[in-house]
Amino acid sequence: MERVAIVGAGLIGRAWAITFARAGCSVRLYDPDPAAVPNALSYIASVVDDLATSDLLSGRSTAAVLDDIVGCDSLADAVAGVHWVQECGPEKIDIKRATFAELDRLAPPDAILATSSSALLPSAIFPQLQGKDRCVVAHPINPPYLVPAVELVPAPWTDPRVMERAADVLRSIGQVPLVMEKEIDGFIMNRLQGALLDEAFRLVEGGYASAADVDRGIADGLALRWSFIGPFETIDLNAPGGIADYVARYGPMYAQLAQSMAVPPDWARATAEGIEAERRAALPSHALTDRQRWRDRRLMALRAHKKTADTQFGS
């Protein structure tokens, strides 16, 4: 039984709490805002039944998962005796540095200290810490209890054994670590997502397609393959001779396309001039929360299907 502290009980923290608890970990949840932990526990209680229905609690009962998540009144209580700390505070460098200074002081010396940061580089967060070699970025794709990929990013000084141990822990709780060799702005996911969003905005801004058709092109096109194989395997399977054959056939076309993609689109202008109105016509602001719940239930169904398909066909 791993003991885990989640520091920050907002959107990401409560999702991590579910992820660790369903794997049988004893989770301690802390937030400096007194209202945050009760709100997080209430949210968790509202979704575990749906997760159980989709067989996404690793065979555990909802009661067992809820019992393994306990709120703490102090940071010291939360990190006492833990093996892993997952920090989920605001994406502000001064707050992260102050939090990790406290974590490094209070947490057991052999505990891994991880941050959920989606953009701040580990070399910027941890440089002054005595135990900086045990600190990593473990950035989830939200929510991690439905989307298993986690970017594991080292600072230049991170102990390689810590990276290996962190990857093992993530695999043991059902996540898929993306083990980066070194840090870079945006890590893996935001860089890939940013490139795709750039082109999506460019197509709409230029009047080539509606936002709805771009969305459908991903949801009913590329994402169907990408939900179980990635871009490299996709092109490896899309030419008779594999990836080298694909590059020989289509590389020049993509090189020509890249020239038209060199000028970045204006996201704000494209949004103001049409995308916002199109999205609000399709989904009024007051319906966003209900649609988010619909999205998560669809993700649950997809995750359940992938588990069954992996068993039936292999992964």
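What follows is calculated from the coordinates using simple rules that are stated; it is not laboratory data. As the structure is a prediction and not an experimental result, all values here were calculated from the model. Cβ sites come from the backbone with ideal geometry, for glycine too, and all protein chains shown count toward neighbours.
Semi-axis lengths, largest first, of the ellipsoid equivalent to segment 3-179 are 25, 18, 14 Å, with √(5λ) applied to each eigenvalue of the Cα gyration tensor.
Put in order of Cβ neighbour count within 10 Å, fewest first, the listed residues K307, K92 become K92, K307.
When the square roots of the Cα gyration tensor eigenvalues are ordered a ≥ b ≥ c, the ratio a/c for segment 1-70 is 1.5 or more and a/b does not exceed b/c, which makes its shape oblate. Lysine pair count for the chain (Cα-Cα distance under 22 Å; residues 8 or more apart in sequence or on different chains): 5. Cβ crowding within 10 Å, taken as a proxy for footprinting-reagent exposure, orders R269, R303 from fewest neighbours to most as R269, R303. Rounded to the nearest 10 degrees, the angle from helix 160-172 to the longest Cα principal axis of the chain is 80 degrees.
Which percent, to the nearest 5, of DSSP beta bridges fully inside the chain are antiparallel? Walk me through the numbers before you get to the answer.
Numbers: 4 of 27 bridges.
Looking only at bridges with both residues in the chain, the antiparallel portion is about 15 percent.
What net charge do the residues around R293 carry, taking every other residue with its C-beta under 13 Å from that of R293, with Lys and Arg at +1 and Asp and Glu at -1?
Working: positive: R291, R295, R297, R298; negative: D49, D50, D290, D296.
Local charge sum for R293: 0.
Given their separation in residues at 0.36 nm each and the Cα-Cα distance between them, A272 and A239 gain 7.8 nm when the chain is fully extended. The modelled label-to-label distance for the pair A98/L257, using points 7 Å beyond Cα in the direction of Cβ, is 4.7 nm. Rg then Dmax, both in Å and based on the Cα atoms of segment 204-256: 13.7, 37.
Taking square-rooted eigenvalues a ≥ b ≥ c of the alpha carbon gyration tensor, is segment 189-282 rounded, prolate or oblate, where a/c under 1.5 means rounded and, failing that, a/b exceeding b/c means prolate? Prolate, because a/c is 1.5 or more and a/b exceeds b/c.
Taking the chain, how much of its Cα-Cα pair set, in percent, is spaced more than 26 angstrom apart?
In whole percent, the long-distance tail amounts to 54.
Taking GluC sites (Glu not before Pro) as exposed when DSSP calls them loop and at most 14 other C-beta atoms lie within 10 angstrom, the chain has its longest site-free stretch at 182-315. If you average the C-alpha positions of segment 25-42 and of segment 269-315 separately, how far apart do those two centres end up, in angstrom? Taking the Cα centre of each part, segment 25-42 and segment 269-315 sit 27 Å apart. Compared with the dominant principal axis of the Cα atoms in the chain, helix 189-205 is inclined by about 40°.
Which of L56, L170, L224 has the fewest other C-beta atoms within 10 Å, and how do the rest follow up to the most? Display every interim value, and only then the final one.
On the way: L56 21, L170 24, L224 10.
In increasing order of surrounding Cβ atoms, one gets L224, L56, L170.
Each label point was placed 7 Å from the Cα along the Cα-to-Cβ direction; for Q193 and F228 their separation is 2.4 nm.
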